[in-house]
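So the structure is just underneath, and the comments pick up after that.
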Amino acid sequence: MRSRTLGALLVLALVSGCSLTGGNGAATGGDKVVLVTHNSFALPKPVLDEFTKNTGITIEISRRGDAGEMTNQLVLTKGNPLADAVYGIDSTYASRALGQNLLQPYKSPEAAKGAQRYAVAGGEDRLSAVDVGDVCLNIDTGFLAQRGIPEPTSLADLTDPRFKDLLVVQNPATSSPGLAFLFATVATFGEERWAEYWTKLKANGVKVASGWEESYSKDFSGSSGKGPRPLVVSYASSPSAEVGQDGKPRTKALLNGCYRQVEYAGVLNGAKNADGARKVVDFLLSDKVQSQLAEQMFVYPTREGVALPQSWQVAAPLPTKALELPAQQVDRDRERWLALWRSIVQG
């Protein structure tokens, strides 16, 4: 989900928590599992060390950019897989991963403890839901208040001239949250009107960044980068990382118009250590890891009964009703939608 965790903080957590691969190295031994992930994967070192102590398996992390970039690399290298297991294929790319036969059957016993409600159609035995991170518009409320600009209350509001040159989104061809936002516009405005909506966004000065890191950390005024734009496509959970010394979040997520994004883990076809990879999938669904997801990766666990940080109740409530498109429709129309989007926004 995303590369969507808050940049430098999570990279530091990753570096302190895992060994890293160089190049395209895949697993070569039974005591090591190479886990390919997006850039935002992060778990505390003690949690990873405990897994190694209990199983004898060292998890070696191979980061591959945004979830979209990662999935594309897995498709291009499926004859000689990059790793044994994967974490971070999300609901916007799941149908592509399944259609390309990237994953071998494995249904984790841990998935029966809550995650099954997020199962992807046709891939229940190959993709295990690890976390949820709804893609929503994020608002720097202070920026708008200082300039006397009312906050947008819907996606339709973003075409209003009051928000000219204030919105930054991600390229849906290269970014998972960017693709989720494109899907949100299709779900909101329908086949007949979504292209017209993007034409209006372009006329209103929308900026398109290549990925989440650039848009949130550099362009968004509400992040540490203090960029020039107070409206950004990010996650419902992102305001939890922007809490001031007074305990109040400086940003908010517009919960009207969010697109549900679920992240999955699975065992790759051609894995050199498939047995170990299955244990890693179980690990990602365990209480130990699920309880770390909110604070480490700013996503919601799929396992039922896992406590969330107190601040999330105010700063990062999960939308009660998020937008979703049928997997079959996404698989059938994704490339056509992307081609039309390019002709409108980049043409």
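The values are calculated or read from the model by the stated rules, or taken from the named source; none is laboratory data. As the structure is a computational prediction, the values presented were derived from the model and not from experiment. Don't worry about glycine lacking a Cβ; one is built from the backbone with ideal geometry, like all the others, and counts go over all protein chains shown. To get the accessible areas, we keep the full protein, side chains included, count just its heavy atoms, and leave off ligands, DNA and RNA. Shrake-Rupley method; radii C 1.70, N 1.55, O 1.52, S 1.80 Å.
Structure values in brief
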quantity: Residue satisfying condition, being farther than 21 Å from Gly178 by Cα, in a loop (DSSP other than H, G, I, E, B) and at pLDDT 95 or above, within set Gly270, Gly305, Gly266, Gly276; calculated: Gly270
quantity: Elements of type strands (runs of 3 or more DSSP E) contained in region 157-260, each with 2 or more residues being in contact (Cβ under 8 Å) with a residue 60 or more places away in the chain, under 22 Å from Gly142 (Cβ atoms) and touching a helix residue (DSSP H, G or I) at 6+ places or on another chain (Cβ under 8 Å); calculated: 167-170, 231-235, 251-259
quantity: Residues of region 144-156 satisfying the condition of being open to solvent by less than 10 Å² (accessible area, probe 1.4 Å) and outside any helix (DSSP H, G or I); calculated: Pro152
quantity: Residue match in region 111-132 (condition: open to solvent by 20 Å² or more (accessible area, probe 1.4 Å), part of a loop (DSSP other than H, G, I, E, B) and acidic (Asp, Glu)); calculated: yes
quantity: Residue list for region 83-110, restricted to those being open to solvent by less than 30 Å² (accessible area, probe 1.4 Å) and polar (S, T, N, Q); calculated: Thr92, Ser95, Ser108
quantity: Matching residues, region 226-243, being more than 22 Å from Pro172 (Cβ to Cβ) and among the small types (Gly, Ala, Ser); calculated: Ser240, Ala241
quantity: Any chance Ser210 is closer than 30 Å to Gly123 by Cβ, open to solvent by less than 30 Å² (accessible area, probe 1.4 Å) and polar (S, T, N, Q); calculated: no
quantity: Restricting region 47-98 to residues that are more than 18 Å from Gly276 (Cα to Cα) and acidic (Asp, Glu), the residue that is modelled with the lowest pLDDT; calculated: Asp66
quantity: Top-ranked residue in region 50-72 [being open to solvent by 50 Å² or more (accessible area, probe 1.4 Å) and in contact (Cβ under 8 Å) with a residue 24 or more places away in the chain; ranked as nearest to Phe181 (Cα to Cα)]; calculated: Glu69
quantity: Contacts under 9 angstrom Cβ, first residue in region 265-278 being closer than 16 Å to Tyr93 by Cβ, partner among the charged types (D, E, K, R), 6 or more apart; calculated: Gly266/Arg126; Leu268/Lys78; Leu268/Asp84
